[in-house]
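Trainee: Can you read through this structure? Questions will come right after.
Computed from the coordinates by the stated procedures, all read-outs in this text should not be read as laboratory data. Please read all numbers here as calculations on a predicted model, not as lab measurements.
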Amino acid sequence: MPAPGPRTTYRCSDHFKATAARLSELPGISVRDVADPLYIHPFMLSRWRKRIRKRAIVTKGIKLDKAVAAEPRTMREVERKYEPAGLHLIEGSQLQ
């Protein structure tokens, strides 16, 4: 049962939404690759992408830093390298 009281909601700026959506549109990058490190639900990012397509969020002038754009791709390469060898990356919640 949820805790009583008002629900905690976070509001993200349009600049943040536009940047996250632009990152998810890079070739070879999935919505989940961008959503997980930003601690947002992939469905929320998909909704932002839809709002951008409908011109509800303006993305004009949003520039992506090349290092930031390469980060999800680099993380996926690390996961591919270690998972076939049976060396799974351990999440922080599993270290108890």
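Trainee: From the phi angles alone, apply the Karplus equation (6.51, -1.76, 1.60; θ = phi - 60°) to segment 26-34 and give each ³J(HN,Hα) in whole Hz, x where the residue is Gly or Pro.
Mentor: The phi angles translate into 5, x, x, 10, 9, 4, 5, 4, 8 Hz.
Trainee: Let me ask another. Roughly speaking, what is the stretch gain from Arg51 to Arg32, that is 0.36 nm per residue apart minus the C-alpha to C-alpha distance, in nm to one decimal? Each step should come with its number before you reach the end.
Mentor: Numbers: separation 19, 0.36 × 19 = 6.84 nm, distance 1.79 nm.
Additional length available on full extension: 5.1 nm.
Trainee: For Thr59 and Phe43, calculate 0.36 nm times their separation in residues minus their Cα-Cα distance, and state this gained length in nm to one decimal. Walk me through the numbers on the way to the answer.
Mentor: On the way: separation 16, 0.36 × 16 = 5.76 nm, distance 1.92 nm.
Fully extending the segment from Thr59 to Phe43 adds 3.8 nm.
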